[in-house]
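Bear in mind these aren't lab numbers, they're just calculated from the coordinates by the rules spelled out. This is a predicted model, so every value here is computed, not measured. Backbone-built Cβ (ideal geometry, glycine too); neighbour counts: all protein chains shown.
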Amino acid sequence: MPIFQSNDFKSAALGVAVLIAALLPHVASATLGEPETTVQTDVALAHASIKSSEDRTGYRVHEIQLPSGTVMREFVAPNGNVFAVAWQGPTRPDLRQALGQYFGAFASAPRSKFSDRRHVQIQQGDLVLQSGGHMRALSGRAYLQSAIPSGVNLGDLH
Amino acid sequence: MVSMRALKMGLCALLCLSAIACGGSDGTSGGGTPPPPPANTANTASVIIDGGPSASSGSVNTLFTSVTVCVPGSTTSCQTIDHIQVDTGSYGLRLLAPVLTLTLPVETLASGGSLAECTQFVDGFSWGPIATADIQIAGETAKSVPVQVIGDSRFTNIPTECSGTGGTEEDTVSTFGANGILGIGPFESDCGDCDTATHGLYFACTTSCTDTTVPDNLQIPNPVTHFAVDNNGTIVVLPSVAAGGASNVMGSLIFGIDTQSDNASGTQTVLTVDDNAELLVMFNGQTFANSFIDSGSNGIFFADSSITTCTAPPSDPTSQIVNFYCPASTLTLPVTIQGMNGTMTNNLTFGVGNAITMLNDNPSFDAFPQLAGTLPAGNAGSFDYGLPFFYGKRVAIAVQGAMTTVGTGPYIAF
C-alpha cells in the first residue's frame, strides 16, 4: 500500500496546508465559482466571522463580518458552488481572494471619457461585476450568469 | 423681479459696507483704537467643467479647480496645479506625483516607517505616501496638512492587500483622469476610525508596507477644515446649463458658511445626512435609503428598467456608454429628496436625455445636465444624484459639527 494513502499522512498534509494558508494570506483559494468550503477559507484568511448562514429558496447565503467593518455575502447554489459574492462597507474586501480566477476582469477594466469614481459595471464572459457608492461607503457584487440557480431574483443578490 | 433687485441692492450694500470697514482700518474712522480689520480673505475659488487635463482621456460633468501647494513653511517652494477635481463625495487633497514638481516631506509614524495610503474608489485604487503641505486655494490657507501623493516614484511596491481590493490602479494622470482631487465631503477625514481600526487604507512602510492604525492628526483631512478661517463647509455655485449641454462651464467654490458676507445662509432647504453622508430619495414609487448628492458622480444614476439604455457604437463595442440612458425623447421625472432631519424637497424634477445623441450632437461639450445612467439592482437602495444636481444651484455642504444660522452639519443645503 503506497504511503500516500495513509490517513496519518493525509492529516499531516492537511495540517501543513492549513499552516501554509495561515502563513501566506493570499495563497490562491478561489471563492466565486468554487465549492462552498472556500467560504470557510475566506473566513479564516480574513480573520473574519460568519455572522449568519441562511437558507433561502434555491440557495444559501453566508454573511461574513470582516474586521474592517465591511460585510461580505457569499451565495451558494444547490450544487455547492458559490455563484455570487456581494460586499458593503467602508472598504472593499479582498476581492483577489473572493473573485478568484475572475479577479483579473475587474482589475483590467479600462478608463474612458464616461468613467467617474463612483460606478463600475463589467460584463466579461460569464462574469458580471457591478459596484457603486462613494468614499467611506462602497458596495458591489459579482456573479456568474450561467451559475445562477433558476428562480433566483438578481435584485436579492446584494 | 422686485426680490431679485432687492437682493442685488442688498449685496451691493454688504459689499459697500465691507469696503468701508476695510477703508476705515487706518484708524481714522472713529475715536480710540479701532478693532483690527476682519481678515480680508478672498474665500472664493473659480471652478470649471471642461474636458480635464490633456494627459487624460477626457471627461464629462467633472468639476475642476486649481490648488497651490507649498513645502511646509516655505513661501517660495510652491506650485499651482490646475485640473484638481472638486469632489463632495470624498475627503482630502490628493495630488498626482507625475505633475508635482515639489518634494513634499512624507509623514513618519511614531512606531517607525513612512505612512502611505491605499485610497479606494469604486472603480479602483490609488496608492501613494501621505506627505504634508501648506495649501492655498483662492485666499484661504492651511498649514502642514496631510495630503496624498499618488503614484510617488519612491513608493512603487503596492501591497497585495491594496491591489487585492481590485479595479484599476489609478496612479497616473491618464488613469486617474485629473491632476489631483480635492475631497470636500461633509466629514473631517477620509476614515471614521482609522485611529483604532485597520481598514486596508493606511500602511506603515519600511522595506515593505503593512496595514496600520493612524493617529487622527496624521490622517488625510478635508483640507477646508484646516483653513484658518471659513473652515466649516463649502458652497458650490454653478450656472444653469442648457438641456443639450455646454462646454467650459464656470462657477464658484466658496469657502465657509455664514462666515463672510458672500456665504450667508438664506432660506434654502437644509437636508442633514447620515454617518455615510447619505440621505433618502423617493423616486418612481420607491424609497432609496442609501442615496447621495455628489459632485464626483458624472451623471444622475438610478435603476429604472423602463428607460432604454444606450447601445455601444460598432466602432467602440466595449464602450461604457451602455451604462447610460438613451430614451427616444427627453424625459422629465419627479424626485423627492429627504434629509435625515425629515425635511423634503418640493416639486423637484430632473431631465433624462439621450446620452448618445447629446454627446454626438456636440462632441466638444463636457457639461450635460440631462446625462443619466443605470445603477444595478445590486446597489439597491441607492440613488446617486451627481453633478447635474448642482447646475443652476447654490449648494452648501456643511461639515459635521459646523454650526451655521440654518443648522448643524453634516448637511447639504440648496
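First obtain the Kirkwood hydrodynamic radius of segment B:347-414 from its Cα pairs, then insert it into the Stokes-Einstein equation at 37 °C and 0.692 mPa s, and state the resulting D in µm² per second as a whole number.
Details: Rh = 14.7 Å.
Rounded, D is 223 µm²/s.
How large is the dipole of segment B:150-259 about the Cα centre if only Lys and Arg carry +1 and Asp and Glu carry -1, each at its Cβ, rounded to the nearest 20 debye? Can you show the working numbers first?
Working: 1 positive and 13 negative charges, 71 e Å.
With Lys and Arg at +1 and Asp and Glu at -1, about 340 debye.
If you place +1 on the Cβ of every Lys and Arg and -1 on the Cβ of every Asp and Glu, how big does the dipole about the Cα centre of the protein assembly as shown come out, in debye to the nearest 20? Before the final figure, lay out each step's value.
Values: 20 positive and 44 negative charges, 145 e Å.
Computed charge dipole of the protein assembly as shown: roughly 700 debye.
Could you give me the radius of gyration and the Dmax of segment B:304-366, taking only the C-alpha atoms into account and expressing both in angstrom?
Just the Cα atoms of segment B:304-366 yield Rg and Dmax of 15.4, 49 Å.
Just the number: Rg to Rh for segment B:184-332, Cα atoms, Kirkwood Rh, two decimals.
Working: Rg = 20.7 Å, Rh = 19.9 Å.
That ratio equals 1.04.
Cut-off 10 angstrom, C-alpha nodes, Gaussian network model of chain B. Which of B:Ser56, B:Ser291, B:Ser189 fluctuates the most?
Largest GNM mean-square fluctuation: B:Ser56.
Give me the Kirkwood hydrodynamic radius of segment B:184-232, using the inverse of the mean 1/r over all pairs of distinct Cα atoms, in Å to one decimal. Mind dumping the intermediate values first?
Working: mean 1/r = 0.0839 Å⁻¹.
Its Kirkwood hydrodynamic radius stands at 11.9 Å.
In segment A:50-118, if the dipole is taken from +1 on Lys/Arg beta carbons and -1 on Asp/Glu beta carbons about the Cα centre, which of A:Asn81, A:Ala105, A:Ile50 is farthest to the positive end?
A:Ala105
Excluding B:Pro215 itself, what net charge comes from residues whose Cβ is under 13 Å from its Cβ, given Lys and Arg +1 and Asp and Glu -1?
On the way: positive: none; negative: B:Glu107, B:Asp193, B:Asp195, B:Asp216.
For residues surrounding B:Pro215, the net value is -4.
Segment A:39-70 to segment A:93-158: how many Å between their Cα centroids?
Here the answer is 18 Å between Cα centres.
Taking chain B as a Gaussian network, Cα atoms linked when under 10 Å apart, which of B:Ile130, B:Ile84, B:Ile307 shows the biggest mean-square fluctuation?
B:Ile307
Any idea which of B:Gly244, B:Val149, B:Ser163 is furthest toward the positive side of the dipole for segment B:133-266, if Lys and Arg beta-carbons carry +1 and Asp and Glu beta-carbons -1?
B:Gly244
Please report, in debye to the nearest 20, how large the charge dipole of chain B is about its Cα centre when each Lys and Arg carries +1 at its beta carbon and each Asp and Glu carries -1 there. It would help to have the intermediate numbers written out before the result.
Values: 7 positive and 32 negative charges, 227 e Å.
So the dipole magnitude of chain B works out to roughly 1080 debye.
Out of all Cα-Cα pairs in the protein assembly as shown, roughly what percent, to the nearest whole number, are more than 38 Å apart? Could the numbers behind the result be given before it?
Details: 52846 of 163306 pairs.
Tail of the P(r) past 38 Å holds 32 percent of the pairs.
For segment B:264-377, what's the radius of gyration and Dmax over Cα atoms, in angstrom?
Reported Rg and Dmax, both Å: 15.8, 51.
Could you work out, residue by residue across B:296-302, how many beta carbons of other chains sit within 10 Å of that residue's beta carbon, and then give the average as an integer?
Working: counts 5, 6, 7, 4, 0, 4, 0.
Rounded to a whole number, the mean comes out at 4.
From the helices alone, meaning DSSP H stretches of at least four residues, give me the mean residue ellipticity at 222 nm for chain B, per-run term -39500 (n - 2.57), in deg cm²/dmol to the nearest 500.
Values: 4 runs with 37 residues, N = 414.
Result for chain B, helices only: -2500 deg cm²/dmol.
Lys and Arg at +1, Asp and Glu at -1: add these up for the other residues within a Cβ distance under 11 Å of A:Lys51 and post the number. Spell out each step's value before the answer.
Details: positive: A:Arg73; negative: A:Glu54, A:Glu63.
Cβ neighbours under 11 Å give a net charge of -1.
P(r) for segment A:87-158: what percent of alpha-carbon pairs falls in each 10 Å bin, starting at zero?
17, 51, 29, 3
Identify, among B:Ala277, B:Thr198, B:Val406, the residue whose Cα sits farthest towards the positive end of the charge dipole of chain B, taking +1 on the Cβ of Lys and Arg and -1 on the Cβ of Asp and Glu, with the dipole about the Cα centre.
The residue sitting farthest along the positive end of the dipole is B:Val406.
Assuming 1.567 mPa s and 4 °C, estimate D for chain B with Stokes-Einstein, Rh taken as the Kirkwood radius over Cα pairs, in µm²/s.
57 µm²/s
Per residue Cα convex hull volume for segment B:162-259, in cubic angstrom?
Details: hull volume 17.1 nm³, N = 98.
Roughly 175 Å³ of hull volume per residue.
Using only the Cα atoms of segment B:111-190, what semi-axes does the equivalent ellipsoid have when each is the square root of 5 times a gyration tensor eigenvalue? Give whole Å, largest first. Provide the component values of the computation, followed by the final result.
Numbers: eigenvalues 101, 52, 31 Å².
Equivalent-ellipsoid dimensions as semi-axes: 22, 16, 12 Å.
If we count every other residue with Cβ under 15 angstrom of B:Ser240's Cβ, Lys/Arg +1 and Asp/Glu -1, where does the sum land? Numbers along the way, then the final one.
Working: positive: B:Lys393, B:Arg394; negative: none.
Result for the local shell: +2.
With springs connecting C-alpha atoms under 10 Å apart, model chain B as a Gaussian network and identify which of B:Pro239, B:Pro105, B:Pro363 has the largest mean-square fluctuation.
B:Pro363
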